[in-house]
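First the structure, in the form of structure tokens, and then the observations on it.
Since every read-out is calculated from the coordinates, none of them should be taken as a lab result. Predicted model only: the values in this text are computed from it and were never measured. Here Cβ is always computed from backbone atoms with ideal geometry, including for glycine, and neighbour counts include all displayed protein chains.
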Amino acid sequence: MDPQQQRPGAPQHRPQPPAPGGGGDSSAVLFVLFGFLAIFALTMLPSTSLSILHQVPEGHVGVYWRGGALLKTITDPGFHLKLPLVTQFEPVQVTLQTDQVRDIPCGTKGGVMINFEKIEVVNRLRKEFVYETLLNYGVQYDNTWIYDKIHHEINQFCSSHSLQEVYIDVFDQIDEKMKEALQGDCTRYAPGIEIINVRVTKPAIPESIRRNFEQMEEERTKVLIAIERQRVVEKEAETKKKMAISEAEKNANVSKILMEQKLTEKDSSRRQAEIENQMYTAREKSLADADFYKVMREAEANKLKLTPQFLELKFIEAIADNTKIFFGDKVPNMVLDQRLLGNFLQVSKEVSKEVNLESGSGEDNPEVQFV
């Protein structure tokens with residue numbers, strides 16, 4: 001069925017004419033959209049001077065100017081509000097930062113021009129001195145106390161030192177000298193600036209002079225190598241000497257120990273011999289004392305035996321034991337000689353008297369009788 005055909009008796013739809021003022025609706029929408037964009041720009045775009053809402057990043061503080069005058073208001077990191085077009089905002093870093101000062105020409109005491117390609121200064125602005133520092137030196141305070149000061153101090157240092165000193169001899173002291181110079185002036189004039197460290201790179205010098213320094217360094221290196229070799233040889237000789245001394249000391253100690261051992265053995269042998277000698281002496285002394293005692297006792301016994309009767313008995317026994325035979329016309333009269341017998345008896349009597357005197361009797365023995 002054709003859609004253009006309508007059934008008989010059905011109502012017909014007529015087109016409506018456009019309502020008057022229809023273009024005003026689109027203008028209102030555009031106005032609302034423009035207002036929304038303006039509010040967004042004023043509140044959400046902190047980089048514009050027309051913004052109301054702004055953000056202070058971490059590690060910074062917010063400082064404000066109104067009509068060109070620095071306000072004492074210092075804000076912490078986060079979102080904050082300000083008057084658009086009237087108040088200007090600037091974040092200031094209060095954590096450690098490194099300023100790189102590049103291309104610093106200077107002339108040495110000898111007139112040679114050198115160039116420090118880069119000097120790094122690690123510094124920090126204290127939060128409690130932000131207002132005072134910015135009031136005196138502005139936001140670019142580091143241009144005055146870091147960049148310009150580094151140029152000045154480097155030129156002062158170079159003008160009072162030769163190229164040899166700047167490039168080699170006292171180059172290791174430049175860092176500390178720059179730090180002391182910067183911190184001294186900052187402490188005096190800008191106490192909020194703290195210099196943490198200064199790093200100075202090797203300066204660029206003319207090519208001809210650089211080659212001379214390289215040759216000098218090469219020669220110095222050779223000398224150092226020779227010195228080190230000499231030290232190595234000396235150390236080796238010293239080591240050998242110490243080893244020889246140690247070996248000699250070891251041998252000496254061994255010899256000393258062996259000598260002490262031999263001395264100990266000899267001393268033990270000597271003591272053993274002394275003991276044996278003492279034992280032998282004591283034994284011989286005992287034997288000698290015994291023999292002496294025996295002899296003395298025998299002598300005392302013999303003295304007691306020396307009586308006239310005993311002597312006469314021994315005389316008779318001696319005569320009787322004589323087995324000699326005499327031949328001849330005349331018999332010897334020795335036995336019958338009364339003079340010889342009288343002499344013998346006289347001697348016996350004297351001996352008996354001595355025995356009696358020693359015994360303490362003081363008198364003649366009545367038992368002794370002489371014929």
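Between the beta carbons of Val232 and Ser208, assuming R0 = 35 Å, the FRET efficiency works out to 0.45 to the nearest 0.05.
As a rough guide to protection, the peptides 137-146, 168-177, 311-320 ranked by mean Cβ packing within 10 Å, highest first, stand as 137-146, 168-177, 311-320. In summary, the aspartates and glutamates within cross-link reach of Lys127, defined as a Cα separation below 18 angstrom excluding same-chain residues under 8 places away, comprise Glu58, Asp76, Glu90, Asp142, Glu194. Sorting 258-271, 118-131 by their mean Cβ neighbour count within 10 Å, with the most densely packed peptide first, gives 118-131, 258-271.
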